[in-house]
Structures are given as structure tokens and as C-alpha cells.
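The values are calculated or read from the model by the stated rules, or taken from the named source; none is laboratory data. If you're wondering where the values come from, they're calculated on a predicted model, not measured in any experiment. A quick note on method: Cβ atoms are made from the backbone with ideal geometry, for glycine too, and the neighbour counts reach across all protein chains shown.
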Amino acid sequence: MKGMKLVLVCAIFIVLLAGGAFAQGTNIKTASKEGIGNYLTDDKGMTLYFYKKDSKDKSACAGDCAARWPIFYVEKASVAGKKLKAKEFATITREDGKKQTTFRGWPLYYFAQDKLAGDTVGQARSDVWYVVDPAAFMKKK
């Protein structure tokens with residue numbers, strides 16, 4: 001009986017440890033859509049955007065802008081596929097004190113009007129908001 005209890009306790013312990021690892025998972029992926037091409041998404045398939053008025057490591061979107069374009073933040077980037085590299089993602093602290101994830105130094109956002117995975121309603125919005133094509137975006141020269 002003691003042996004069974006030990007096995008059960010060990011099994012529960014292993015499941016708890018594995019559950020934590022699985023919970024981390026991939027939080028940044030790529031998707032593809034006709035007319036849009038390849039673009040970054042979060043783990044739920046929600047599109048990530050960049051803002052042309054931002055500068056490297058600095059967000060220019062605050063107030064009403066931030067309400068329409070919520071910030072994207074993950075504590076540690078975990079990527080899917082061989083074409084994305086976790087080291088290309090970092091974190092900045094915005095002027096409002098909130099943390100925001102960046103890709104190659106550029107802050108990432110959601111668009112509040114995107115409701116479902118795969119929505120790209122924000123693409124080319126006001127000619128300053130765009131999806132992020134990782135193959136072409138702000139490549140180092």
C-alpha cells in the first residue's frame with residue numbers, strides 16, 4: 001500500500017511539473033492569409049500589429065490610441081517554427097509604466113476590432129498600422 005501511495009504522489013508531482021511546462025507553450029506564432037501574406041499572431045491566433053509612428057524601443061501610442069490598439073505583452077517570448085527566433089523579441093517599459101513586447105525593437109499591438117483568430121481588420125488602418133511579416137520586417141542590414 002505504501003508503494004502505491006508513493007507511486008501516486010510521484011505521478012501527481014510529475015503531472016504538476018509537466019503542466020507548468022505545457023502551460024508556458026508557444027505564445028507567438030505566424031499565420032498566413034491571402035492578400036495579407038505571413039504575419040505574427042499570439043498563441044490564440046490574434047493578429048499582432050506595429051505602428052509606423054513608433055520608434056525603436058519606444059511606443060507612441062497612448063490614451064485613446066492605446067484603447068483602440070491594446071498592447072501585446074508576454075513575460076517571455078516562446079515562438080513556433082524555425083523562422084522565428086525568441087531572441088528577436090524583447091520587452092520595453094512604456095511611459096505609462098506598462099510593459100510591452102517588441103519584435104526587433106518595435107512595439108507590438110492588438111487591434112480592438114479584431115474579434116476572432118485570423119482577423120486582420122487593422123491592416124493598413126490609417127496608413128500607419130500594419131501586420132508584422134517576420135521575413136521582411138525591419139531586417140538588420
Show the residue pairs that are 6+ apart or on different chains and have beta-carbon atoms under 6 Å apart, the first residue being within the range 73-86 and within 10 Å of I28 (Cβ to Cβ), the second being at pLDDT 95 or above and aromatic (F, W, Y). A77/F89
Please specify each residue of the range 50-63 satisfying the condition of being in contact with an Asp or Glu (Cβ under 9 Å, 6 or more places away or on another chain) and crowded, with 20+ Cβ neighbours inside 10 Å. S59, C61
Would the range 64-71 turn up any residue that is surrounded by 19 or more Cβ atoms within 10 Å (Cβ to Cβ), under 27 Å from E34 (Cβ atoms) and touching a residue at least 60 places away in the same chain (Cβ under 8 Å)? yes
Checking G97 against (1) closer than 21 Å to D133 by Cβ; (2) over 11 Å from the mean Cα position of the chain (by Cα), the condition it does not meet: (1)
If a residue has to be surrounded by 14 or more Cβ atoms within 10 Å (Cβ to Cβ) and among the charged types (D, E, K, R) to count, how many in the range 106-135 make the cut? 4
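Out of everything in the range 91-105 that is over 13 Å from L40 (Cα atoms) and of a type outside the set (K, R), what residue ends up being surrounded by the most Cβ atoms within 10 Å (Cβ to Cβ)?
Our first condition is that a residue be over 13 Å from L40 (Cα atoms); within the range 91-105, this holds for 91-100, 105.
Of the ones still in play, those that are also of a type outside the set (K, R) are 91-93, 95-97, 100, 105.
Working: T91: 15, I92: 19, T93: 11, E95: 9, D96: 11, G97: 6, Q100: 23, G105: 15.
Among residues in the range 91-105 that are over 13 Å from L40 (Cα atoms) and of a type outside the set (K, R), the one surrounded by the most Cβ atoms within 10 Å (Cβ to Cβ) is Q100.
Being under 12 Å from the mean Cα position of the chain (by Cα) and either surrounded by 12 or more Cβ atoms within 10 Å (Cβ to Cβ) or in contact (Cβ under 8 Å) with a residue 40 or more places away in the chain (or both) narrows it down to one residue among M138, M46; which is it?
On the way: M138 fails: under 12 Å from the mean Cα position of the chain (by Cα).
On inspection, the qualifying residue turns out to be M46.
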What are the residues in the range 119-141 that are assigned to a loop (DSSP other than H, G, I, E, B) and closer than 23 Å to E75 by Cα, if any? V132, D133, P134, F137, M138
